[in-house]
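Each reported figure results from applying straightforward, stated rules to the coordinates on display, with no laboratory input. Because the structure is predicted, anything quoted here is derived from the model rather than measured. Neighbour counts run over all protein chains shown; Cβ positions are idealised from the backbone, glycine included.
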Amino acid sequence: MRIARTEPRAPNSRGSIATYVKKKAPAKSTRRTAKSSAASLATAREVLRTEADAIAALIGRLDSSFARAVELLAATQGRVIVTGMGKSGLVARKIAATLSSTGTPAFFLHPAEAIHGDLGKLVPGDTLIALSYSGETHEIFRLVDRIKRLRIPLISMTGSRDSTLAQASDVLLDVSIEKEACPMNLAPTASTTASLALGDALALAVGERKGFREDDFAELHPGGELGRRLRRVEQFMHPVKSLAVVGPQTAMHAVIEKMSRAVRPDGRAFGIAIVVEKGRLAGVITDGDLRRLLQSRPHLMEQTAGQCMTRNPLTIGPREFAARGVNLMESRKINALPVVDDQSRLQGLLHLHDLLQLF
C-alpha cells in the first residue's frame, strides 16, 4: 500500500502567509517611520533653537572690545590673517573669505603649517585674528610668540576669558555659549555658529567703517550670479558713433534714413533715433513712434525731429547696474534706453536684446 507523500504548501500570491505579510507589514513600518520623523524634527528644532540662542546672546555682550577690534582691522596697513584649528579653522577660513570679499585683504593661515615654514607669511603691519573656543590650542601659541616679536596685534575669539589665548590678546571677543547644540554637549555646533556670526558682524562693520560700497563689491565679484547682477551699463552700452543721432531740426526723411543705417553688430537695427540739442539729450523717436506718426500725420516727411520726438525719455546712467536697465525696459515695454551722464550728455545706448541672455 502506497502512502501519499504530503509536501508543505508553498505560499503563493493568494496564500495566507504572503497576503498577511504584505498587508500587515507596512502598517508597522509606517508607525516606525512616523515616530522617527517626529523625533528628527524635534531634534532639528532643538538644534536651531540652541544655535539661535547662542547668536542672540552675543548681542548683549557687544561692547567697546568689538569697537576696538573694528578700528584695529580698519587701520591695518598689511593683511588680516585668520587662524584656528579643527572646526575653528573651518570658521576662520570663512571669516577670512568674508573679510576679503568686503574690502579687507585677508587670508587663512593654518597654525600647524605655520610652524613648519608658513610663519614667514606674517610681517609687520598685519593683524592676526585667532579662533580657539578653549583658548588653549597649543599650535596657536607658537604663532603668538612670533607675532609678539613682530608687534602684530592679536584679536582673539574664544569662549574662555581666563584662557592663555585671552590673556595674550590685544582685543578679546567673547564667543562663550551656554551649551552646544549636540545632545551630548560635545560636537562644536553652537560655539562654531556663534563664532561664525560674530566674524560676519566684524567683517561687515569693518567694511562699513572703511566706506565699502556697492561699486567696490562689484569690482571684487566679477564672476557667477553675483557678477552678472553687478555688471554695469557701461559694459553693455553701444557707443554714440554707432547710433542714429540727429538734431531737432533734422527732417524726418533724414531721420528715417539714419535709423535704417544704424545697426547693431548682429546687423539688426536699433529701432531708435536719439535727438540731441546743444550736446544734451532732447528726446527720442522709435520705430513704434514712426508707425503711429504715419497714421496720424499725413505730411510727416515735411516735419522735423523736434516736432515728432518724445521729450524727456526714460534714461539710465553708465555706472548703474545693467540689471536695473533690464527691469526698466521690461516694465515699460521698451527695447532701448539712452545712456546719459549727470549733465544729460549722451554716452551710448543700452538695448534689451543684448541683455536678455545674461539676466
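Who wins for biggest fluctuation among L143, L314, L294 in a Gaussian network model of the chain, springs between alpha carbons below 10 Å?
Judging by the Gaussian network model, the answer is L294.
Across bins of 20 angstrom width beginning at 0, how are the C-alpha pair distances of the chain distributed, in whole percent?
For the chain, the binned pair fractions read 22, 28, 24, 20, 5, 1, 0 percent.
What does the highest-first list of 84-94, 332-342, 32-42, 51-61 look like by mean Cβ count within 10 Å?
On the way: 84-94: 20.3, 332-342: 17.5, 32-42: 10.0, 51-61: 14.9.
For the peptides 84-94, 332-342, 32-42, 51-61, the packing ranking is 84-94, 332-342, 51-61, 32-42.
For Cα pairs less than 8 Å apart in space and 6+ apart in sequence, what is the mean separation divided by the residue count of segment 74-143, i.e. the relative contact order in percent? Write out the running numbers ahead of the final one.
Values: 109 pairs, mean separation 30.9, N = 70.
That works out to 44 percent.
List, in the order given, every pair from K210/K278; K35/K87; K121/K210; K148/K210; K210/K333; K35/K94 whose Cα-Cα distance in the structure shown is over 30 Å.
Violating the 30 Å limit, Cα to Cα: K210/K278; K35/K87; K210/K333; K35/K94.
When the helix-only estimate is applied to the chain (DSSP H runs of n ≥ 4, each -39,500 (n - 2.57), divided by the residue count), what is the mean residue ellipticity at 222 nm, nearest 500 deg cm²/dmol? Please report the intermediate quantities before stating the final value.
Numbers: 13 runs with 163 residues, N = 359.
After summing the helix terms and dividing by residue count, I get -14500 deg cm²/dmol.
Under 25 °C and 0.890 mPa s, how fast does segment 294-338 diffuse according to Stokes-Einstein, given a Kirkwood radius computed over C-alpha pairs? Answer in µm²/s, whole number. List each step's numbers first, then the result.
Working: Rh = 12.8 Å.
After rounding, the answer is 191 µm²/s.
I need the trypsin sites (Lys or Arg not before Pro) found in segment 225-277, filtered to DSSP loop residues with at most 12 other beta carbons within 10 Å of theirs. Write down the numbers at each step before the final one.
Values: sites: R228, R229, R231, R232, K241, K258, R261, R268; in loops: R231, R268.
Sparse-neighbourhood loop trypsin sites (Lys or Arg not before Pro): R268.
Counting Lys and Arg as +1 and Asp and Glu as -1, what is the net charge of the other residues whose Cβ lies under 15 Å from the Cβ of T250?
After counting each charged neighbour, the total is -1.
With θ set to phi - 60°, apply the Karplus curve 6.51 cos²θ - 1.76 cosθ + 1.60 along segment 237-251 and write out the HN-Hα couplings as whole Hz, x wherever there is a Gly or Pro.
Karplus-based 3J(HN,Hα) across segment 237-251 equals 6, 7, x, 4, 5, 8, 9, 8, 9, 10, x, x, 8, 5, 5 Hz.
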